[in-house]
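Shown next, in structure tokens, is the structure this report addresses.
Read-outs throughout are calculated quantities, based only on the coordinates presented, and are distinct from any laboratory measurement. On a predicted model such as this, the values are computed, not experimentally measured, just so you know. Backbone-built Cβ (ideal geometry, glycine too); neighbour counts: all protein chains shown.
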Amino acid sequence: MSQTSAHVKQYGTLGRKQRVFVNYVELTKYPEGNIYQYDVELAPECGAFQKLPAPAFMRAVFDQAMRTFRTTKLKGIPLVYDARRIAYAPQPICHPKETLTLSTTYTDSGRTEAFIIQIRQTAVINTSILTEYIKGRKSVEIADIQPILTALDLAIGSVVHGEMLGFNRSFFTPDQSKMTSGALELWRGFSFSVRPGVEKLYLNINTAVTAMYSPGSLLELMQRLLDLNNINQLRGGLSPQMINKLGSYLRGLVLYLTHRGIQGKRKFAAKGLTGKPLDKESFEWEDPTRPGNPETVTVAQYYQRRYNIALRYPFLPGLVGRKKAVFPIEMCDVAPNQRYRGKLDEKQTSDMVTFACSRPSDNMDRITRALSTLELGSSPVVKSFGMVLPSKLSEIESRVLPPPTIMYGSNSRQKPKFSPQGGAWNMRDLCITKAGKPLKYWAVLILASSKMAPDNKVQAFIAALVDMCNRTGYRIDNPRPPIARGNQGADIAQEMRKACHAIRLPSGEAPQLLLVVLPTTNAQIYQTVKNCAYTTLGIQTQCMQAKHIQRPNPQYCANLCLKINAKLGGTNQSLQEGDMQIMLRKSPTLFMGCDVTHPAPGEQFKPSIASVVGSTDLMGLRYAATLIQLPSRQELVNLLFDAVVRHLKLFFKNTRTKPKHIIFYRDGVSETQFNQTRDRELVEILRACSSIEAGYKPQVTFLAVLKRHNTRFFPIGRDGDRTGNCVPGTIIDRSVTMAPLFDFYLFSHAAIQGTSRPTHYYVLHNDAGFTADEIQKLTYYLCYTYAICTRSVSLVPPVYYAHRVADRARCHLVGMGKEFDDASSAADGYYTGVTNIAPRTAPTHPSTITKLIVTHPRLEESMYFM
């Protein structure tokens, strides 16, 4: 597919114009000549690295060589390095066919080593293509200019490295850090990246936060990690949960060994834990004072006899290092400046969100202060790469679209048609647009204790919920469902079956809903409930926490009502029908959303999941879902053909018409993957259409959706909302968008706190010839139709639903969890009382399989995922 047919740059005109600040600094000058790319081979003078050391170490050795040879062999030309294999220079540092060899020494932890660095030219990059790209020339793609952007990022990063601790394009400082649970602390920092705009080049600077290991005594940190008052609590041994927690914490961690038998600090990485405590872990040792008499000693005895050190905590396991060397935990310190790459738990995530949450004005002040402090524009390295940049943020044009007209049921006690202001509205005295099937066959399952959910409180809550549903327009025919009490520690599936059996069902009827009261937010119980509902029972479930039983809150009951109505076939609100018909040009339209979610870091043996949703009505209000299991970390969606065929059939089944237009919102694709993903998936969509009927070829509009980006906008003066963010409906499609692409940023929601992140939409294929105003307005208006909210949402609903479906996919895979967890633990080198576990990488492993994940037939056409 040609790029010209895919996207043509367009600008919208609708809405009220206003100026905003953006966290971009315009480069008033950028490189116009060549940039020289080099391959860097950094190795010990004797021997070789088994694997490349950490980037910080590589950069330190490289910088040492740069200081030594800057004015001689390097001729004063700066060389910026990615701390792996690539470096860039603004001028040639050696002949193209020559290898420049630099010898240097580097001292780390009291140990001095010699290194050889070999530098060879691999490419000469003509920066004129950068000018072509920002002028919108279609022949140049983002991948073509990526080496230039990388070189400029490294040039700027080389300056920031002098002031902060850097990881890739992000840099952090311990100033104003905050402790969190699990022996971690949170640091603030910034990300820096050079971004192309429309006829301009910019430096994007955004605030960032990260989790870091707390430095210091490993023994003290272990006490914090395991939440102990005293380390002597472990005299009885560590539980399997403690061992897993400690093993996860130690993975990849650099430690210092400090005791009197070693000169200075000795650095090492722990491979795991010994299977026994140090007073029982033994090995064969030959005492130097008694040569020729090997004997079996415990690690504790070894330290006593070899170094005259009596271990204070011999009941603890030891750390296993290289060549199976064992070190006592009490003699180890956690090295400073180490980033935590594991998955944060609920408490840590909450602390991270709170720590990162800042008003837009505060974030803008932080960025401005950093620019002033760093003085990037005055750096000789930055200047040598031909960049001139001031220390002030850019001001650009935006527009604010008016809100849509929202429709509720005609039997509402207040006006059912209105235009909400500020992106939110109240449902008081409003009735849902269309009620789902009346609720008659349902039950309540309580997995919380009688103390948390007493009988009288449960009855009162059910009465309040039934009353709210009836007042909102959703009918509950059986106001007194059977109430079953279950044990959360028992077989959850069996407890659910018992509750269902308590429902008096006529022949041929199935249970409609199980309201499940959970004791906590425990993910395992929740996922087990959903897994049984989705795969075995085929029953809609509504989970809630026991704390809400205590005092029935009308707002909470209303939220439950919206979820139940959506699950049972109803719609809660809609856009004005005439508005939708105009926006869709009176053409039956299938809205689709697609997202791919990948396993968390360290879970490389779990599969990736693609979720595809498609609308089943003419207003784009109701959706069905399809789940596809993919090989781990694969982004391209296999079996998309099957998913699209299914959704075309469901659309026809419910509307009695074939869609003439498909609008496909695709999330989870990076800018460098746009063309590959669009071309491949568009072929699958069109192939699915022609398989339904020969010659059937509806128009397709294909949009990529990016939420994970670092672009932020700040309103000027009183143009913002009460939180200081841009108001809902704010569109930016000029200056800082991508010149060759048809793209725009949209604030479709009102922020509750912190700094809003707009969603970035790219129109990659446009059969229907939508104008910028049309696609921007349609996308914004759809954000008011999210089924369970009385506010507009930040992401277009087809993608939002795809996110929810992917999240629920974990519930489908609950039965496979043990196998996945075992494989994950093996691959990550956890130690659980043994010294080696071989990873399972057989081709039949579940993480390598592509297949459709099947939902129970009774649920597969419903919005069970709400």
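Things worth noting here:
- For Asp108, nonlocal amide neighbours, meaning residues 5 or more places apart or on other chains whose placed amide H falls under 5 Å from its own, are Glu113.
- Stokes-Einstein D (µm²/s) once Rh is taken as the Kirkwood radius of segment 34-126 over alpha-carbon pairs, at 4 °C in 1.567 mPa s: 96
- Cα centroid separation - segment 256-309 against segment 745-782, whole Å: 63
- Cα radius of gyration and Dmax for segment 435-567 (Å): 13.7, 38
- For a straight C-alpha distance cut-off of 18 angstrom, the aspartates and glutamates reachable from Lys606 (same-chain residues fewer than eight places away being disregarded) are Asp595, Glu635, Asp807, Glu819, Asp821, Asp822, Asp828.
- Here the relative contact order of the chain, from alpha carbon pairs under 8 Å that lie six or more residues apart, stands at 15 percent.
- For chymotrypsin sites (Phe, Trp or Tyr not before Pro), the sites in segment 47-80 that DSSP calls loop and that have at most 15 other Cβ atoms within 10 Å are Phe49.
- Relative exposure of Tyr534, Tyr133, Tyr302, judged by other C-beta atoms within 10 Å (fewest first): Tyr302, Tyr133, Tyr534
- Sorting Tyr307, Tyr38 by the number of Cβ atoms found within 10 Å of their own Cβ, with the fewest placed first, yields Tyr307, Tyr38.
- Taking amide hydrogens as placed 1.01 Å from N in the peptide plane, the amide H of Arg85 sits under 5 Å from that of no residue at least 5 positions away in sequence or on another chain.
- Cα centroid separation - segment 487-528 against segment 357-417, whole Å: 47
- Annotation: amide H of Arg485 within the under-5 Å range of Ile446, sequence separation 5 or more or interchain, hydrogens built in the peptide plane.
- Whole-Hz couplings from phi, Karplus 6.51/-1.76/1.60, listed for segment 65-73; x for Gly and Pro: 5, 4, 5, 5, 10, 3, 8, 9, 5
- Legend: Rg and Dmax of segment 126-223, from Cα coordinates, 18.6, 60 Å.
- Sequence of Phe283, Phe192, Phe172 once ranked by neighbouring C-beta atoms within 10 Å, starting from the fewest: Phe283, Phe172, Phe192
- Averaging Cα coordinates gives a centre for segment 29-51 and one for segment 555-585; these two points are 57 Å apart.
- Cα-based Rg and Dmax for the chain, where Dmax is the largest Cα-Cα distance (Å): 30.5, 97
- HN-Hα J in Hz across segment 173-178 - Karplus 6.51, -1.76, 1.60, θ = phi - 60°, x for Gly and Pro: 9, x, 4, 6, 6, 9
- Converting phi to 3J(HN,Hα) with the Karplus coefficients 6.51, -1.76 and 1.60 and the offset θ = phi - 60°, segment 86-94 yields 10, 9, 10, 9, x, 9, x, 9, 7 Hz in sequence order, with x at every glycine or proline.
- Pairs beyond 22 Å (Cα-Cα), from Lys178/Lys547; Lys267/Lys324; Lys417/Lys649; Lys658/Lys697; Lys498/Lys530; Lys440/Lys567: Lys178/Lys547; Lys417/Lys649
- Annotation: the antiparallel percentage among DSSP beta bridges lying fully within the chain is about 80.
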